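The block underneath contains the structure these notes are about, expressed in structure tokens.
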Amino acid sequence: MTDPLSTAPQAATGRGCDPTRRRLVGTLLGAGLGAGLSAGMSGCAAPLTASARAPTPGRQVEIFYLADTLECLGPTRIVAPATYLGPAELLGAAPWATAAGVTTLAGSAAAEWAALYTPRSAARRHTAGYGGLAAQLDRLRRELGTERTLTLENGQCWSGSGLGHLANGSAGVAASRLLASDARVSSDERTLWPQRASALYRDYARPVLGNLAAPPAGVSVATRFERDGVQVAVVGASDPNALDETRSLDQWYQTLAESVAKAAAEAELVVLLADTGSATARWLAARLPQVDLVLAARGQDFWPRLIAVDNAHGAPVPLCLPGSHASGFFHLSCRSTRDGWQIHAEFQRNDIAADAAAADHQARFDALRAPYAGWLDRPLGSAPDWLWRRDSVGGTWDGLIAAALTGDSDTTRALLPGLRHDTLLAPGETITRDHLWRLSGGHPARVVELAPHAEALARLLERALDNSLGTPLILNDSRDLPRLSATHWTLDYGAATGARAHLDALPEGLTWRSFSARPRAGGEPLWQRLERYLGDHGGTPPAPTPPSLEARYVDGHPGWHPQARLST
């Protein structure tokens, strides 16, 4: 399996699907397991009704769902992209929309959440930190009764910043326990700290789930809870592109499908926790009719409504995308009826003014970070303009990384993966060491040099575009388009596979720099290169130029609003 941050040519600027895995997926689809590939409708205002397998009518299970908090223990700005492209075949489908496009697809009632999906509005708001999450969760548990409530956590919650690196995951475990989550999926901590994973799961002392080929001690495929007399099965789908995942995609899927079928045979409500990215979670929702609810993570996407994904073998399956950076959590009220499970979703925003209860909780979370705060919060400079990243094309953080990697060289350019890990800074705000760690999602990335010739670079771009914009959706690796510095290239959106990217002629003798998280990568740590770059400029670097490309045939796409990008 390819490296989460690799930009080696064979990895297609990211976790590219190699041809063998692609052929195996073709076999899987040819076997009839891929029916309804492009099925699905965007979010519904009315409650969704899942499959007819349900207990006596009138039972109620209250699920609280949070994901991809990225160790944002304290208040932080809310992240919202201005551009977000998906497969052209799914134009007009969720979640590939931004700004006003979200309102168009999700319905006018979703406009109340515009502050969470419109870049300029989101940038003016701060979360209330983990303390705000804990206070709201506690209040809802008291109001609804613990015998009915179930708190599920997914994705990158124990990693995402420098804190995880310094604490080796232990701060994430303690934070999850303070939030009182009931179960989670085995995620990046498994590859970040492989020797400690089992100990972390033992300390968590709650079910950790994942459909892994070789799971560490403490990980199971599924677990079961009883709430309000209902047998609830929770199944974990781990990242199919993880560094330690060696199976082909069809083997990964077949194993998961068998686990879901087994869990469904002994349960009345089946929930799939999919740490797979939004696109792959949508793909799974279209193929697993025994699942009543899919809760996605890793894509870091927010959608204000449940997405009803058509399933060729049964009723539409609801898909939930809860956002990231501790911006809130979904309250999913599951009520049994004669027709099946009726699921009502309400997003609980975490940007309300902190009260005494939230402040008391926040003090406990701050204590987890306190031993490392001096190192993490060391001031390195100030933001010369808005610093942001989440975007199909890339942002100013990518421009700053490119400048740090290439310097003043005319023969060195940057080739960066389309990572979504972001931290929003306004002009003049302090840049800290922790901000730099967050740009690699808490992974100890190292600078690497590449020397692909022009044809290899063009093929690399095509493969990366296929992962981001192609189908089947299971190939999607939760990344946006690759970022090239000082290089003009064109995207023909909707063109056939292999014909999307057009690269201008390049001079001979170019060296490309990127960063990699592979254990054998031996270059300078990325955060150190960035810190040195800031120091070389007296803490006030030139305003970075974000990556660019010429995108054709995208005007009018609900996910294409470049004018909404942050700038001064």
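When ARG483, ARG518 are checked against the criterion of being assigned to a strand (DSSP E or B) and either open to solvent by less than 60 Å² (accessible area, probe 1.4 Å) or free of Cβ contacts under 8 Å to residues at least 12 places away in the same chain (or both), a single residue qualifies: ARG483. Checking the structure you have, find out if any residue of the stretch 225-238 is at positive phi and more than 20 Å from the chain's Cα centre (by Cα). Yes; the residues of the stretch 225-238 include at least one that is at positive phi and more than 20 Å from the chain's Cα centre (by Cα).
The test for being more than 18 Å from LEU319 (Cβ to Cβ), touching a strand residue (DSSP E or B) at 6+ places or on another chain (Cβ under 9 Å), open to solvent by 30 Å² or more (accessible area, probe 1.4 Å) and among the β-branched types (Val, Ile, Thr) holds for VAL221. Taken together, the criteria exclude SER108 from residues that are open to solvent by less than 30 Å² (accessible area, probe 1.4 Å), polar (S, T, N, Q), farther than 29 Å from TYR130 by Cα and modelled with pLDDT under 95. Can you say whether GLY162 is farther than 25 Å from THR146 by Cα and small (Gly, Ala, Ser), as far as the supplied structure shows? Against the criterion (farther than 25 Å from THR146 by Cα and small (Gly, Ala, Ser)), GLY162 qualifies.
Of all the listed residues (ALA115, ALA123, ALA106, ALA100), the sole one being touching a residue at least 60 places away in the same chain (Cβ under 8 Å) and within 30 Å of GLY374 (Cβ to Cβ) is ALA123.
Could we say that ASP355 is at pLDDT below 95 and either open to solvent by less than 30 Å² (accessible area, probe 1.4 Å) or within 25 Å of the chain's Cα centre (by Cα) (or both) here? Answer is no for this residue. Is it true that ASP410 is open to solvent by 10 Å² or more (accessible area, probe 1.4 Å) and touching a Ser or Thr at 6+ places or on another chain (Cβ under 7 Å)? Taking the combined requirement at face value, the residue does not satisfy it. Within the stretch 461-480, the set of residues being touching a strand residue (DSSP E or B) at 6+ places or on another chain (Cβ under 7 Å) and either more than 10 Å from ARG500 (Cα to Cα) or open to solvent by 10 Å² or more (accessible area, probe 1.4 Å) (or both) comprises GLU462, ALA464, SER468, ARG479, ASP480. For TRP512, the stated conditions hold: it is farther than 30 Å from ALA297 by Cβ, at pLDDT 95 or above and either open to solvent by less than 40 Å² (accessible area, probe 1.4 Å) or under 26 Å from the mean Cα position of the chain (by Cα) (or both). Picking from residues in the stretch 186-204 that are open to solvent by 20 Å² or more (accessible area, probe 1.4 Å), in contact (Cβ under 8 Å) with a residue 40 or more places away in the chain and in a helix (DSSP H, G or I), the one that is nearest to HIS165 (Cα to Cα) is LEU192.
Scanning the stretch 483-509 for residues that are touching a Gly at 6+ places or on another chain (Cβ under 8 Å), at pLDDT 95 or above and of a type outside the set (D, E, K, R) gives a single hit, SER485.
Filtering the stretch 524-558 down to residues that are of a type in the set (Ser, Thr, Tyr) and open to solvent by 70 Å² or more (accessible area, probe 1.4 Å), which residue is nearest to the chain's Cα centre (by Cα)? Per the criteria, the residue is SER548. Counting only residues that are part of a helix (DSSP H, G or I) and open to solvent by 10 Å² or more (accessible area, probe 1.4 Å), the stretch 117-139 holds 7 of them. Evaluating ALA345 against the criteria (1) farther than 19 Å from LEU284 by Cα; (2) assigned to a strand (DSSP E or B); (3) within 17 Å of the chain's Cα centre (by Cα) leaves one unmet condition, (3).
Within the set LEU436, LEU415, LEU405, the sole residue that is part of a strand (DSSP E or B), open to solvent by less than 10 Å² (accessible area, probe 1.4 Å) and either on the phi < 0 side of the Ramachandran plot or not polar (S, T, N, Q) (or both) turns out to be LEU415. Across the stretch 175-185, the qualifying residues are those that are open to solvent by 30 Å² or more (accessible area, probe 1.4 Å) and outside any loop (DSSP other than H, G, I, E, B), and the one among them that is nearest to GLN362 (Cα to Cα) is LEU178. Within the option set PRO322, PRO304, PRO379, being touching a residue at least 24 places away in the same chain (Cβ under 8 Å) and open to solvent by 10 Å² or more (accessible area, probe 1.4 Å) holds for one residue only, PRO379.
Yes/no per residue for (1) under 18 Å from ALA128 (Cα atoms); (2) open to solvent by 20 Å² or more (accessible area, probe 1.4 Å); (3) not small (Gly, Ala, Ser):
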{"site": "HIS331", "(1), (2), (3)": "yes, yes, yes"}
{"site": "PHE347", "(1), (2), (3)": "yes, no, yes"}
{"site": "ASP351", "(1), (2), (3)": "yes, yes, yes"}
{"site": "ARG364", "(1), (2), (3)": "yes, yes, yes"}
{"site": "ALA367", "(1), (2), (3)": "yes, yes, no"}
{"site": "PRO371", "(1), (2), (3)": "no, yes, yes"}
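Reported count of residues in the stretch 321-332, each being assigned to a strand (DSSP E or B) and in contact with a helix residue (DSSP H, G or I) (Cβ under 9 Å, 6 or more places away or on another chain), is 3. Considering (1) touching a residue at least 24 places away in the same chain (Cβ under 8 Å); (2) over 18 Å from SER161 (Cβ atoms); (3) of a type outside the set (Ser, Thr, Tyr), the lone condition that ILE401 does not fulfil carries the number (2).
The values are calculated or read from the model by the stated rules, or taken from the named source; none is laboratory data. It should be emphasised that the depicted structure is a prediction, and the values quoted were computed from it without experimental measurement. Please note: Cβ atoms are built from the backbone with ideal geometry, for glycine as well, and neighbour counts cover all protein chains shown. Protein only, heavy atoms only, side chains kept; ligands, DNA and RNA dropped before computing areas. Shrake-Rupley method; radii C 1.70, N 1.55, O 1.52, S 1.80 Å.
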